[in-house]
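Remarks on the structure that follows.
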Amino acid sequence: EDGVAAWLRYAALPESQRTATNSPAIDTVIVLGDEASDASSPLSVAGRELVDGISKILGRSVSLGSSSSQHTSSTLVVGVRDAFTLLEGVPSSSPLDHTDGYWIDPASSSSPSRIIGHDARGVLYGAFAYLSKLAQGRLSSEAWGSSPRAPIRWINQWDNMDGTIERGYGGRSLFFEGGAIREDLARVKEYARLMASVGLNGIVINNVNANASLLSEESLANGVKRVADIMRPYGVRIGLALNFDAPRTLGGLETSDPLDENVVAWWTEKTHLIYKYVPDMLGYTIKANSEGQPGPLSYGRTLAEGANLFAKPLSQYGGFVFYRAFVYDHHLREDNPKNDRANAAVDFFAHLDDAFDDNVVVQVKFGPIDFQVREPVSPLLARLRKTKAVIEFMVAQEYMGQQTHAVYLAPQWQEVLAFDMRVDGKPSLVRDILSPSGPFGWPTTGYTAVVNVGRDTTWLGHHLAMANLYAYGRLTWAPESDARVLLDEWTRLTWSTDPEVVETLGNLLMDTWPAYEGHSGNLGIQTLCDILYTHYGPSPASQDGNGWGQWTRANAKSLGMDRTVATGTGFAGQYHPEVASVYEKIETTPDNLLLWFHHVPYTHVLKSGKTVIQHFYDAHYEGAAMVQTFSQRWASLRGKIDDARWEHVAFKLAYQAGHALVWRDSVCRFYHSLSGIDDDKKRVGHYAHRYALAAPSPNVVLDGYTPVDARLPE
Ligand code: BDP
């Protein structure tokens, strides 16, 4: 196996795991309604997927029946709720009352099985839910249903038109090559299928650092339209990232000022053109005044004036502007103790709450900086009330080992989503804020994530990274889900239903984020990778002394950012009072965010009783030691899963084991020499068991190494 089928392999369910209830004797799938025969309708996709899936999982022949076929206990009847004459057995208030919802009623001995959708997309989601349970051997005779908590369940791809992907680690773009949309879009269709199977319904196909030439009529007519047409049957709509400066660079205007009437006319006309080719375009994502990109502030206009420029022409088509809150100056001056990049989002956006048009949605990264291994939740998510927001996660592991490391991120997202922002002193979990039924009642809210799959058969560059995409999709649908439960589902579908595989891989992957945090940046100091560009590998020295504002303010005696209101940058005060007061004081700040909020001596004693510096040493050794166990645990799965994927992962885990040691030693050595404080356990700087593998040159003096003859026997 090469990974392309991901969690939709539909592997045959082992005989030993089949029971009368989990493998019903379906031989015919009947799709109700006229649209069923229209290949571009989610209804017909659902029908085909069910026939294919059931026959592969149960190894029996299944066919598509016509609507006049007889309904028996071996038929599965599928359709939108209005297509059923009787909705017998469906509770009076059910997920079927909500957009995208479904209800599934597995067969009894006398009646057919049913998959009922609120709408055509709901039917497709129901079909995938049914197949997922069937493939896991977990279908029961009990009826169940579900509908999503949030309407916006999106992906951002950072694909460039030349075929590269910014921060992409899974090969070249599925969408672009050589400045245009690719001829062969077969993988785009597979991507839409994977997305639909976990409930995702939208995708922005190009980089937020956008190339304006995507908007030429040629590119829209012959490229963008084809992508939209291929993804639509899977209930996936597309959006585009726009370059704010396109009126100047593409349109030849003198300015891109959002209040200039020629600029307004240019975007209005562009919007008409875009909708001519993609009438159900979801809308636009805008990155402006960020990392050197121009934006409304460049013209002395507000961010709201910038966003509304796009919102107006979009409103007649029901489209949205996703305006990114990632606005900050990357030439920040470090010598001013009040300067803090973390403050930027609230500083730039909170006072504009009344100024955005109705169809603007502010897109907020989950933490105030940038997808670090540990960050507090962005306070902006609780500071907009009238203006809607979506949260932005990152499935691509930009700061988390870039898919050379296995790091399961859902536990981090789960913590973010369960965080209580205490808006007006009332319970306000992030996952509730991101739902229409939440405290702000935003009708259009939800999720997006930077995913960056590529043409590799692994999609993301590492088979195990696909657990993140799976869990992300499932969390957008049901954000209260448990990361481990989602992981086990993914394992059964992707690897094997063998309980030993599920247990071993589940335990392994649950250890990955804590291990990565252990050997990278601890106590909220941030990831400590190279900050200037690559964002890969340890580089604690690169954190300070640059304009990017991801500072640690480490010196010989102390470290951490003082973000308190009393003596620091004031960031802690951006939260609602109950949360702000927790972070304002060292005593109440949780250890894992101590250095995010406070500047303390290396000798400061944590709640755990350890000093900060000893915690660094211990966490790094423990984290790296944990990573050493991964290969061995993976080895125990040899033969229980296919060899090709086993070997691919084994190779990656061996690399990860080595790189974890590089991380450990580089971070520990850095703080050891900066602080001059020795490790209680005499590991850092004391390398009794190190061996030199090559004869040193006469100019090198080995200190603390034992030379050995490392030549291989003849
Ligand atoms: C940073 C990435 C950069 C992106 C930027 C963004 O390093 O490549 O362009 O985020 O989100 O994390 O716009």
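Convex hull volume of the Cα atoms of region 536-615, normalised per residue: 115 Å³.
So if R0 is 60 Å, what FRET efficiency would residue 142 and residue 687 give, r being the distance between their Cβ atoms, rounded to the nearest 0.05? Approximately 0.50, to the nearest 0.05. If you sort 92, 140 by accessible surface, 1.4 Å probe, largest first, the order is 92, 140. Annotation for region 324-350 versus region 95-116: alpha-carbon center distance of 50 Å.
What size of dipole, in debye to the nearest 20, comes out for region 152-494 about its Cα centre when the only charges are +1 on Lys and Arg C-beta atoms and -1 on Asp and Glu C-beta atoms?
Here region 152-494 has a charge dipole of around 800 debye.
Averaging the Cα positions of each part gives two centres, and for region 519-536 and region 468-499 these lie 28 Å apart.
Summarising the amide proton neighbourhood of residue 393: residues at separation of 5 or more, or on other chains, whose placed amide H is nearer than 5 Å comprise 448, 449, 450.
The distance linking region 632-648 with region 187-208 is 29 Å (Cα centroid to Cα centroid, whole angstrom).
Placing +1 on each Lys and Arg Cβ and -1 on each Asp and Glu Cβ, with no other charges, gives region 489-622 a dipole about its Cα centre of roughly 620 debye. How large, in percent, is the carbon and sulfur part of the accessible surface of region 15-146 at a probe radius of 1.4 Å? Carbon and sulfur: 47 percent of the exposed surface of region 15-146. Quick check on region 478-560: take the gyration tensor over C-alpha atoms, sort the square-rooted eigenvalues as a ≥ b ≥ c, and tell me if it's rounded (a/c under 1.5), prolate or oblate. Prolate. Counting only DSSP beta bridges with both residues in the chain, the antiparallel share comes to about 25 percent. To put it simply, the accessible area of region 390-468 at a 1.4 Å probe is 52 percent carbon and sulfur.
Looking at the square roots a ≥ b ≥ c of the eigenvalues of the Cα gyration tensor of region 34-104, which shape do they give, rounded for a/c under 1.5, prolate if a/b is larger than b/c, or oblate? Could the numbers behind the result be given before it?
On the way: a/c = 1.65, a/b = 1.47, b/c = 1.12.
It comes out prolate by the Cα gyration axes.
How much space per residue, in cubic angstrom, does the convex hull of the C-alpha atoms of region 15-146 take up? Each step should come with its number before you reach the end.
Numbers: hull volume 12.2 nm³, N = 132.
Given the Cα convex hull of region 15-146, per-residue volume reads 93 Å³.
Under 19 Å from a point placed 7 Å out from the Cα of residue 591 along the Cα-to-Cβ direction: which residues of region 550-570 have their backbone N that close? Label zone hits: 559-561. Qualifying trypsin sites (Lys or Arg not before Pro) in region 57-117, where qualification requires a DSSP coil assignment and no more than 14 other C-beta atoms within 10 Å, comprise 60. By DSSP, the beta bridges lying fully in region 152-494 are antiparallel in about 10 percent of cases.
Each residue was assigned an accessible area with a 1.4 Å probe, and for residue 626 the value is about 60 Å². Its DSSP H runs of at least 4 residues, each contributing -39,500 (n - 2.57), put the calculated 222 nm mean residue ellipticity of the chain at -9500 deg cm²/dmol, to the nearest 500. Computed about its Cα centre, the charge dipole of the chain is approximately 660 debye, with only Lys, Arg, Asp and Glu carrying charge at their Cβ. In this view, the solvent-accessible surface of residue 164, computed with a 1.4 Å probe and all protein chains in place, comes to about 50 Å². Taking amide hydrogens as placed 1.01 Å from N in the peptide plane, the amide H of residue 602 sits under 5 Å from those of 558, 559, each at least 5 positions away in sequence or on another chain. List the aspartates and glutamates whose Cα sits under 19 Å from the Cα of residue 652, skipping any in the same chain fewer than 8 residues away. Candidates past the 8-residue exclusion: 1, 2, 398, 456, 511, 517, 642, 643. In terms of its alpha-carbon gyration tensor, the chain comes out oblate; a/c meets the 1.5 threshold, while b/c is at least as large as a/b.
May I ask you to give the solvent-accessible area per residue for the chain, in square angstrom, as obtained with a 1.4 angstrom probe? Write out the running numbers ahead of the final one.
Values: 26550 Å² over 714 residues.
Computed with neighbouring chains in place, this is 37 Å² per residue.
Cross-link list 365/386; 276/386; 338/682; 557/682; 386/426: which exceed 26 angstrom alpha carbon to alpha carbon?
Those over the limit are 276/386; 338/682.
The values are calculated or read from the model by the stated rules, or taken from the named source; none is laboratory data. Nothing here was measured: the structure is a model prediction, and the numbers come from that model. Positions of Cβ are generated from backbone atoms using ideal geometry, with glycine treated the same way; all protein chains shown enter the neighbour counts. Side chains are part of the model used for accessible areas, which takes the heavy atoms of the whole protein and leaves out ligands, DNA and RNA. Shrake-Rupley method; radii C 1.70, N 1.55, O 1.52, S 1.80 Å.
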